[in-house]
């Protein structure tokens, strides 16, 4: 998860959140997040605070922007084991944490500057520490307060959704079991104390400074997004394929997990503890809540993945890795490493195919060496797997460990090599950098497209932004200069061409769909040949 974090920020979320943090550093206003100078009240500020602090500590770069998310993801893996072992046992928790780091969606989300990775950390911490606090007859107040603090930090990360994800499983568990785990009213009163101390000061301060905060944040960006869907409306079953894709390759074990959890066999019932039932109910609640919401994005269900991985770890502990217990799941999973090796090779070949396509599109880099090395490894894995197909030792712990290492290699290649190359290919800033290297001094104009976090990739000298409302100023600027590099949406091309057709011709650079040349017509070029680049403001 740590190597090569310096690739260009992905638009729109990463660039937007980085820009907010940059403006916090510049303005020193830690109460009201701003975007291009305007108040940005969509989300609470914890991620912006941490990103701004990372900029102050490590300098303003893509790596510093992503470090809070990476650290949150790594901490989630650690706490999956540390807290999970109290519920499902050490080996099951260890296998669960290993499964978590083998979930491609979790790994990739942890390498992005988005809120969901940090929200997952606090939701997992709140649920597990809260349950540990009440699962025995003597309630552990230290664990319960820790749960309240984690929930408060989640609310400060992404709003009330953190409380909605955490509170119902704690209530439901005690109601279903009807024992000491039932949370009483005075427990919730104590739970609310850290919530008040951590969250309320910022909410009160930002509401006092921005009178429209209440309606905009709570109604527009929480209630209405849940009930109306905004521009991300999806069907109820949307998260079924998303969950399988997001947990790949660990998701190959999900069918066996389903059998383990719903089987009515007395032997399997004995393997499912009440503590495991809480983990199951918590993961189901998170998936159900986001499924009934009208607004759906793939990363929303990230908080459920660590819990599902604990279920996977428990299933593996009681079946494959327990030689004393033999059941149908154990027999079914015996050839799992062999089948998985071939599936992983197919997945790797698909990624290599896309990588080769990017190479043919003119993307520079040490493509052939890395890709050919990965291709050679794939061939070796296939030959080895086929040669050992009928050998009985294929179902041993060593075979499972080898499959896990192959999965690690696939995810490392995807996250540390392929994803940065893809991000570079998609980034308008990366292509702008290359063009400016060949044509230094060329003015760069953002027309309609916001220059979010552009300062991380290019100097502010020579960079100008015009909103669409200032079309006359934009046209005058272009006409007053020679060759200009314009960054704008493709839908504005026809209108923009008409505005500047008297002096300039608009054409695509051929490198990025939002990158265009505004080149002076021949008779205008002679008049503007002496224009000094110092005139740019």
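With respect to the chain, whose longest principal axis is taken over its alpha-carbon atoms, helix 62-88 is tilted by about 10°.
Taking label positions 7 Å along the Cα-Cβ direction at both residue 210 and residue 469, the computed distance is 1.8 nm, reported to one decimal.
Counting each pair of different Cα atoms once, what's the Kirkwood radius of the stretch 273-355 in Å, rounded to one decimal?
About 15.6 Å, per the Kirkwood formula over Cα pairs.
The angle separating the long axis of helix 185-198 from the principal Cα axis of greatest extent in the chain is about 30 degrees. Put in order of Cβ neighbour count within 10 Å, fewest first, the listed residues 417, 188 become 188, 417.
Give me the Debye-computed log₁₀ of I(q)/I(0) at q = 0.08 Å⁻¹ for the chain, equal point scatterers on Cα only, no solvent, two decimals. Normalising to I(0) and taking log10 leaves -0.62. Between residue 269 and residue 346, what FRET efficiency comes out of the Förster formula 1/(1 + (r/R0)^6) with R0 = 30 Å and r the beta carbon distance, rounded to 0.05? For residue 346 and residue 269, the calculated efficiency is 0.25.
If you rank 151, 199 by fewest surrounding Cβ atoms within 10 Å, what's the result? Mind showing how you got there, number by number?
Numbers: 151 29, 199 22.
Fewest-to-most ranking of 151, 199: 199, 151.
Peptides 434-442, 399-407 ranked from most to least packed give 399-407, 434-442, packing being the mean of other C-beta atoms within 10 angstrom over each peptide's residues.
Each Cα pair under 8 Å and six or more residues apart adds its sequence gap; the mean of these over the residue count of the stretch 72-333 is a relative contact order of 29 percent. The angle between the Cα long axis of helix 304-318 and the longest principal axis of the Cα atoms of the chain comes to about 30 degrees, rounded to the nearest 10. In the calculated pair-distance distribution of the stretch 379-531, the portion above 28 angstrom amounts to 41 percent of the Cα-Cα pairs. With neighbours defined as other Cβ atoms within 10 Å of a residue's Cβ, the residues 452, 504 order from fewest to most as 452, 504. Rounded to the nearest Å, what's the spacing between the alpha carbon centres of the stretch 367-427 and the stretch 35-71? Just the number, please. Value for the Cα centre distance between the two parts: 34 Å. Peptides 240-246, 479-485 ranked from most to least packed give 479-485, 240-246, packing being the mean of other C-beta atoms within 10 angstrom over each peptide's residues.
How much mean residue ellipticity at 222 nm does the chain get from its helices, if each DSSP H run of length 4 or more adds -39500 (n - 2.57) and you divide by all residues, to the nearest 500 deg cm²/dmol?
The helix contribution divided over the chain gives -19000 deg cm²/dmol.
Shape index of the stretch 198-311: Rg/Rh, with Rg the Cα radius of gyration and Rh the Kirkwood radius from the inverse mean 1/r over Cα pairs, equals 1.12. What FRET efficiency do you get for residue 61 and residue 38 if R0 is 25 Å and r is their Cβ-Cβ distance, rounded to the nearest 0.05? My answer for the efficiency is 0.50.
The numbers here are math on the coordinates, done by the rules we state, and not lab data. What you are looking at is a predicted structure, and each value in this text was computed from that prediction instead of being measured. FYI the Cβ positions are ideal-geometry reconstructions off the backbone, even for glycines, and counts take in every protein chain you see.
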